[in-house]
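> Quick one: structure below, then a few questions.
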Amino acid sequence: MSEAAAAHAHDEHHHEGGFVSTYLFSLDHKMIGKQFLLLSLFMMIIGGLLALMVRWQLAYPEQPVPGLAWVPEPYLYDGIIPPETYNMLFTMHATIMIFFVVIPILVGAFGNFLIPLMIGTKDMAFPILNMLSFWIAAFAGGLLISSFFVEGGAAAGGWTAYAPLSAAEVYTGVGLGQDLWIISLVVLGISSMMGSINYITTIINMRAPGMTMFRLPLVVWSLFITAILLLLALPELTAAMAMLLFDRRFGTAFFLPEHGGEPILWQHLFWFFGHPEVYILILPGMGIASEILSVFSRKPIFGYRAMAMAMIAIAFLGWVVWGHHMFQSGMNPTMGMAFMTTTMVIAVPSAIKTFNWLGTLWGGNIHFTTPMLHALAFVSMFVIGGLSGIYMAATPVDIFIHDTYFIVGHIHYVVFGGSIFAIFGGIAYWFPKMYGRMMNETLGKIHFFGTLLFFNITFFPMHIIGIGGHMRRIYNPEQYEFLEPLLHWNEIMTIGSIGLGIFQIVFAVNFFWSMFAGEKATQNPWHANTLEWEAPTPPPHGNFLVTPTVYRGPYEYSVPGEKEDWLPQARPGSGVAAAH
Amino acid sequence: MMARSANTAVAHDLAIEEERLHLRVVEPQDGGPPHPPAAPPVSNTRVAIAMFLVAESMFFAGLVGAYLVFRVGSVVWPPAGLPALPLTVTWINTVFLFFSGVAVVSGLRGIRRGDQRALRRRLLLTAALGAVFVSVQGWEWAGLVHHGLTLSSGPYGGTFYLLIGTHAAHVLGAMGWVLWVTAAAQRGRYSVENHDGVEMCAVYWIYVCALWGLLFGLVYH
């Protein structure tokens, strides 16, 4: 595009204005990304508070929750959590954190904000679809929150909604709340399909000149693969949800055994979606960590192609492992063996990624900035979560630890230790491009070290009590004699979780304070190579003043013979780089 | 440019060759502004509709998978006391849907020749045949309910109504799309050069017809 044409296109974009079109129904991918970010951070507060209540009940069963005496019956009784409410708390905590925090931040916020900027284009392929996808997701979130306030309360059958618990009102006493839960996730599925179609089309068709697939930054690769997984996995969940809703409201009996239904079928349908879902939660985190580790080691990512291929391998293998969630549901031992094998094979691409991250750090000129600290925590916590996963993949071990706190520890090391640390790192890293200001480093480091410490105090003991036989989802651990020696751990974990919550306030303060009063950011504060740093800070509607041309891969750091230790993708080639 | 060493010139030519392989245009050698990227081989709308159909297929794969679990797991299908599904009427109905697919293709060919009248008439015929299909199915359902097959007749009734009903809903949605495109055609929206909207709609209609072929074979036989 000539500069005149670019300037013209730029002008066109600036004719809009007004609060509604700029902040509410914006078609700009960057604003939509920020909308997803704020919505998800808000949902994270709700999900976090629910988790704290779960932790309170486990450490101090049937004692009033401090400060909650005002909550009316039947939710709480003078601040005491009844069993029905307890079921609601852990169900909604997981649903909110998985579907309305981690996916919308990783895919909705980072996907929207980064994809057009990093591939060097003006916007998504279908901006209106993009705007709709946010508002539909927000509507789904509203539906889910509203389910707390209907007769019978919110869903209480676990986030996996195992039938028949979820398929008939008699089991949990939850009526409309469970229906709203189902409808909310179906609506979210529509939003997610729109987003995925947009991302895939944009990445396939709208890359800047010279941006070949193997010059894409790894975070774009990860978002591309995640979009494909979402596109394939969520419709299948929608089908299962439709059947569940029919069971509840229209008299069918797909999952109700007393009328010829198959409760195990629900588990198959759910986990056929649910396991790719696990990789949806972690792949973008891997992408974000790859960007940050390379930039702050001032070294090329180790094994770029292997990194991309490993993500593709994980995405493929993710479809043939769902049975490992069902070893205890009753399964032909041959099938169990097959699922055990495929699950263990996933450790190979995961290990490729881990060793490549370590290879990237090896001999690097490491800068311990806030984003880098979070990325390092991502790698180390993900390794703990990944290794505990190998234990569970082995059927003989899984039979022992199934449905114990070992599983809860594992999922939190992967999703909090992995995804959430990547999210904090990603926010700190791209904040300057999002809001034009730097986040405060001191507050960032206080938040990081506090979170890392209290995260481990909260979640590591879960492995110990899990091996000790502490079941998940139990209301009152004091009712079991054999758990008595483990009860002090529950108190330690709860104190840890309160500390974890308090340190998130530091993040919130840093986030909002920096948004308005942080130090002004330059165009490329981290001296990074990728295209988003070629755009002005913050990028205008339409992103680039001139469409960038890409000359090389995204990780050319510390190239021998170059004056600087970075070599942006869009800088026309010098003699040294061309010969290289 | 002349002063460039032979070594870098070769490297630069190699870089250009690599760009060509990836169907992209590199910045011209005189250092002027870069060319716009070559038009992608498959347009955005086509990629999008392909992705949408993939998602739809996964949705039906879930329902069909559940149906097969029940059907393969049953000794007697249909279960004793429940009516078998009417084959003759449904075969005739399938022919209607088949010809609706022929009609939509014919309409698409019409606009490719620039024949606006053929486009509008064939699209209307498509929607009409779709309406006949759904009506016959509704009549068939009324008969089945009369004979005691309802949603609560165990997995046999449940899977039948859910699977076939979901397909019927897709036919209705596709009819809405066809009528919307017909209205746009009435306003002269499409031409020989630009008829992406017709093409997308026709692809979706044919997808829904083909899906029926699969479901008819699986559920009614």
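The values are calculated or read from the model by the stated rules, or taken from the named source; none is laboratory data. Just so it is clear, the model here is predicted, and its values are computed rather than measured. Here Cβ is always computed from backbone atoms with ideal geometry, including for glycine, and neighbour counts include all displayed protein chains. Just so you know, the surface numbers come from the protein's heavy atoms only, side chains and all, with ligands and any DNA or RNA stripped out. Shrake-Rupley method; radii C 1.70, N 1.55, O 1.52, S 1.80 Å.
> Looking at segment A:524-534, can you tell me whether even one residue there is buried (at least 20 other Cβ atoms within 10 Å of the Cβ) and farther than 22 Å from residue A:374 by Cβ? Write out each step before concluding.
Going through segment A:524-534, the residues buried (at least 20 other Cβ atoms within 10 Å of the Cβ) turn out to be A:526, A:528-534.
Within this subset, residues satisfying the condition of being farther than 22 Å from residue A:374 by Cβ are A:531, A:534.
Yes, segment A:524-534 contains at least one residue that is buried (at least 20 other Cβ atoms within 10 Å of the Cβ) and farther than 22 Å from residue A:374 by Cβ.
> Separate question: Would you confirm whether any residue within segment A:469-488 is loosely packed, with under 14 Cβ neighbours inside 10 Å and within 18 Å of residue A:452 (Cβ to Cβ)?
The answer is no, given that none of the residues of segment A:469-488 is loosely packed, with under 14 Cβ neighbours inside 10 Å and within 18 Å of residue A:452 (Cβ to Cβ).
> So which residues in segment A:25-41 are hydrophobic (A, V, I, L, M, F, W, C) and in contact with a Phe, Trp or Tyr (Cβ under 9 Å, 6 or more places away or on another chain)?
Matches in segment A:25-41: A:25, A:31, A:32, A:36, A:37, A:39, A:41.
> I want to confirm something. Restricting to segment A:248-266 and keeping residues that are surrounded by 24 or more Cβ atoms within 10 Å (Cβ to Cβ) and closer than 14 Å to residue A:161 by Cβ, which single residue is nearest to the other protein chains (Cβ to nearest Cβ)?
A:254
> Return the pair list, or none, for Cβ contacts closer than 9 Å from residues in segment B:185-196 that are within 17 Å of residue B:43 (Cα to Cα) and among the β-branched types (Val, Ile, Thr) to residues that are in a loop (DSSP other than H, G, I, E, B) and open to solvent by less than 100 Å² (accessible area, probe 1.4 Å), at least 6 apart or on different chains.
Pairs found: B:192/B:114.
> What's the number of the only condition in (1) of a type outside the set (Ser, Thr, Tyr); (2) more than 14 Å from chain A (Cβ to nearest Cβ); (3) more than 20 Å from residue B:174 (Cβ to Cβ) that residue B:103 fails to meet?
It is condition (3) that residue B:103 fails.
> In addition: Would you mind telling me which numbered condition in (1) open to solvent by less than 30 Å² (accessible area, probe 1.4 Å); (2) within 18 Å of the chain's Cα centre (by Cα) residue A:416 fails?
It fails just one condition, (1).
> Testing residue A:550 on (1) among the aliphatic types (A, V, I, L, M); (2) over 23 Å from residue A:218 (Cα atoms); (3) open to solvent by less than 10 Å² (accessible area, probe 1.4 Å), one condition comes back false. Which one is that?
(2) is the only condition that residue A:550 fails.
> Any residue at all in segment B:164-179 that is modelled with pLDDT under 95 and either open to solvent by 10 Å² or more (accessible area, probe 1.4 Å) or within 14 Å of chain A (Cβ to nearest Cβ) (or both)?
No: zero hits.
> While we're looking at this one, here's another question. For residue A:229, which of the numbered conditions (1) touching a residue at least 40 places away in the same chain (Cβ under 8 Å); (2) over 18 Å from the mean Cα position of the chain (by Cα); (3) open to solvent by less than 20 Å² (accessible area, probe 1.4 Å) fails to hold?
(2)
> Being touching a strand residue (DSSP E or B) at 6+ places or on another chain (Cβ under 9 Å) and part of a loop (DSSP other than H, G, I, E, B): is that true of residue A:528 here?
Values: touching a strand residue (DSSP E or B) at 6+ places or on another chain (Cβ under 9 Å): yes; part of a loop (DSSP other than H, G, I, E, B): yes.
Yes, satisfied.
> Are any residues in segment A:204-230 farther than 17 Å from residue A:40 by Cβ and more than 10 Å from every other protein chain (Cβ to nearest Cβ), and if so, which ones?
A:216, A:217, A:218, A:219, A:220, A:221, A:222, A:224, A:225, A:229, listed by residue number.
> Specify which of the listed residues (B:95, B:64, B:132) is assigned to a helix (DSSP H, G or I), at pLDDT 95 or above, open to solvent by 10 Å² or more (accessible area, probe 1.4 Å) and touching a Leu at 6+ places or on another chain (Cβ under 7 Å).
B:64
> Touching a helix residue (DSSP H, G or I) at 6+ places or on another chain (Cβ under 6 Å) and not acidic (Asp, Glu), is that true of residue B:149?
Criteria met by residue B:149.
> Take the conditions of a type in the set (Val, Ile, Thr), open to solvent by less than 30 Å² (accessible area, probe 1.4 Å) and under 22 Å from the mean Cα position of the chain (by Cα) and apply them to residue A:423. Does it pass?
Working: of a type in the set (Val, Ile, Thr): yes; open to solvent by less than 30 Å² (accessible area, probe 1.4 Å): yes; under 22 Å from the mean Cα position of the chain (by Cα): yes.
Considered against the rule, which asks whether it is of a type in the set (Val, Ile, Thr), open to solvent by less than 30 Å² (accessible area, probe 1.4 Å) and under 22 Å from the mean Cα position of the chain (by Cα), residue A:423 comes out as yes.
> Among the residues in segment A:367-378, are any surrounded by fewer than 15 Cβ atoms within 10 Å (Cβ to Cβ), under 30 Å from residue A:533 (Cα atoms) and touching a helix residue (DSSP H, G or I) at 6+ places or on another chain (Cβ under 6 Å)?
Within segment A:367-378, one or more residues are surrounded by fewer than 15 Cβ atoms within 10 Å (Cβ to Cβ), under 30 Å from residue A:533 (Cα atoms) and touching a helix residue (DSSP H, G or I) at 6+ places or on another chain (Cβ under 6 Å).
> Further question on the same structure: Here are some residues: A:465, A:457. Which one is assigned to a helix (DSSP H, G or I), open to solvent by 40 Å² or more (accessible area, probe 1.4 Å), more than 30 Å from residue A:535 (Cα to Cα) and touching a residue at least 12 places away in the same chain (Cβ under 8 Å)? Quick ask: steps written out before the conclusion?
Numbers: A:465 fails: open to solvent by 40 Å² or more (accessible area, probe 1.4 Å).
It is A:457.
> List the helices (runs of 4 or more DSSP H) inside segment A:102-203, counting only whole elements, that have at least 3 residues being away from chain B (no Cβ under 14 Å) and in contact with a helix residue (DSSP H, G or I) (Cβ under 9 Å, 6 or more places away or on another chain). Outline the logic, then answer.
On the way: elements: A:112-119, A:127-146, A:169-172.
So the answer is A:112-119, A:127-146.
> Would you point out which residue out of A:305, A:298 is away from chain B (no Cβ under 14 Å) and in contact with a strand residue (DSSP E or B) (Cβ under 7 Å, 6 or more places away or on another chain)?
Values: A:305 fails: in contact with a strand residue (DSSP E or B) (Cβ under 7 Å, 6 or more places away or on another chain).
The conditions single out A:298.
> For the list (1) more than 14 Å from chain A (Cβ to nearest Cβ); (2) more than 22 Å from the chain's Cα centre (by Cα); (3) surrounded by 15 or more Cβ atoms within 10 Å (Cβ to Cβ), I need the number of the one condition that residue B:151 fails.
Failed condition: (1).
> Could you look through segment A:204-215, keep only residues that are part of a helix (DSSP H, G or I) and of a type in the set (A, V, I, L, M, F, W, C), and pick out the one that is least open to solvent (accessible area, probe 1.4 Å)?
Result: A:213.
> Check residue A:328 against each of (1) under 30 Å from residue A:166 (Cα atoms); (2) in contact with a His (Cβ under 7 Å, 6 or more places away or on another chain); (3) open to solvent by less than 40 Å² (accessible area, probe 1.4 Å) and name the one condition it does not meet.
Of the numbered conditions (1) under 30 Å from residue A:166 (Cα atoms); (2) in contact with a His (Cβ under 7 Å, 6 or more places away or on another chain); (3) open to solvent by less than 40 Å² (accessible area, probe 1.4 Å), the odd one out for residue A:328 is (3).
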